[in-house]
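Undergrad: This is the structure I want to talk about, given as structure tokens.
The values are calculated or read from the model by the stated rules, or taken from the named source; none is laboratory data. In this text the structure is predicted, and so the values were computed from the model without any measurement. We place every Cβ from the backbone using ideal geometry, glycine too, and count neighbours over all the protein chains shown.
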Amino acid sequence: MLLGRSQGFTLIELVMVIVVMSIITLGIGRFVSLGTEGYLHTRDREQLQSQARFAVERLTRELRNAVPNSLQLTADGQCLSFRPIQYSGDYSNPTLTDITTITAFMTQTTAPQFQVGMMVAINPHKWLDFESGSEQIATVTAINKGTAANQWLFELDGQYRFASGSLASRFYTYIQTVRFCIENNSLTRTVIDNMGTESAAIILAQYIDGSLSLFELDHAALARSALVAWQFTFIRNGESSRYDHTVQVMNAP
């Protein structure tokens, strides 16, 4: 009577199976790792592009609402500041010498609201015209309704003699200064009110290389407007992206 031999794996076969399975497992793990890494890089790249677009759109929208000739650039091109327009309209004062009230006509449908620290500018030509002691700005203390439709009286805190009037009889009020800066590899936005109180800086974009990014300002580019340009270079995960943009800011006061 013949006895059948028992069937099974030899030690060598078992070792070979373990080695093959290990190689397959490592291959699958590497494939999954590469896929995950690629996804993360794609996600980071999309986030970087999204925040770059947001920063460009935010800057563009705010700069187009700047009081004419209020833009100021630091010597290193790392900070750009300006006064946002609060209210604007036409004044009807026959003279701007020794006046205590600006008689204004505004097209907006809502009544202008007075705020402490409100300033009015007429015919500013440069950012220095917004500094204390300038003869192109005055402090507003109250806003009253005039007798005519859309007429408002901006009461001043004393007698003012404006150095020059606007050819278009335009006036602008503002209550704060906005400053954009490239600092600590970020684009920040800070608000300083006319009383000198400065807000905490808000980060609008990150991963900016400050050595490759800056603002540029050309007041004389066009007769009635200025050109503001900026170059932002973003670097993340060894990849760099550069964004160049130019905004035309009206400079006709």
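Undergrad: Mind checking which residues of region 132-153 are of a type in the set (Gly, Ala, Ser), surrounded by 13 or more Cβ atoms within 10 Å (Cβ to Cβ) and assigned to a loop (DSSP other than H, G, I, E, B)?
TA: Ser134, Gly146
Undergrad: Okay, next question. Read through the list (1) touching a strand residue (DSSP E or B) at 6+ places or on another chain (Cβ under 6 Å); (2) exposed (fewer than 13 other Cβ atoms within 10 Å of the Cβ); (3) of a type outside the set (Gly, Ala, Ser), then give the number of the only condition that Leu156 fails.
TA: (2)
Undergrad: While we're here: Which one is surrounded by the fewest Cβ atoms within 10 Å (Cβ to Cβ), of the residues in region 198-208 that are at pLDDT 95 or above and outside any strand (DSSP E or B)?
TA: Filtering region 198-208 for residues that are at pLDDT 95 or above and outside any strand (DSSP E or B), the one surrounded by the fewest Cβ atoms within 10 Å (Cβ to Cβ) comes out as Ala200.
Undergrad: Continuing with the same structure: Would you point out the residue of region 32-91, among those that are farther than 29 Å from Arg179 by Cβ and surrounded by 15 or more Cβ atoms within 10 Å (Cβ to Cβ), that is modelled with the lowest pLDDT?
TA: This residue is Arg45.
Undergrad: Something else now. Listed residues Asp244, Asp193, Asp209; which is of a type in the set (D, E, K, R) and within 30 Å of Pro112 (Cα to Cα)?
TA: Asp193
Undergrad: Anything in region 151-163 that is free of Cβ contacts under 8 Å to residues at least 60 places away in the same chain and among the polar types (S, T, N, Q)? List them, or say none.
TA: Hit for region 151-163 is Gln151, nothing else.
Undergrad: Please indicate, with yes or no, whether at least one residue in region 93-115 is surrounded by fewer than 16 Cβ atoms within 10 Å (Cβ to Cβ), outside the structural domain of Phe215 (by TED's automatic domain parsing), out of contact with any strand residue (DSSP E or B) (no Cβ under 8 Å at 6 or more places or on another chain) and within 30 Å of Val228 (Cα to Cα).
TA: Checked region 93-115: at least one residue is surrounded by fewer than 16 Cβ atoms within 10 Å (Cβ to Cβ), outside the structural domain of Phe215 (by TED's automatic domain parsing), out of contact with any strand residue (DSSP E or B) (no Cβ under 8 Å at 6 or more places or on another chain) and within 30 Å of Val228 (Cα to Cα).
Undergrad: Exactly one condition in (1) in a loop (DSSP other than H, G, I, E, B); (2) surrounded by fewer than 16 Cβ atoms within 10 Å (Cβ to Cβ); (3) touching a residue at least 12 places away in the same chain (Cβ under 8 Å) is false for Pro124; which is it?
TA: Answer for Pro124: the failing condition is (2).
Undergrad: Do you know which residues across region 225-251 are within 30 Å of Phe171 (Cβ to Cβ) and either polar (S, T, N, Q) or exposed (fewer than 14 other Cβ atoms within 10 Å of the Cβ) (or both)?
TA: Correct list: Ser225, Thr246, Gln248, Asn251.
Undergrad: What about Thr173, is it within 17 Å of the chain's Cα centre (by Cα) and not in a helix (DSSP H, G or I)?
TA: Taking the combined requirement at face value, the residue does not satisfy it.
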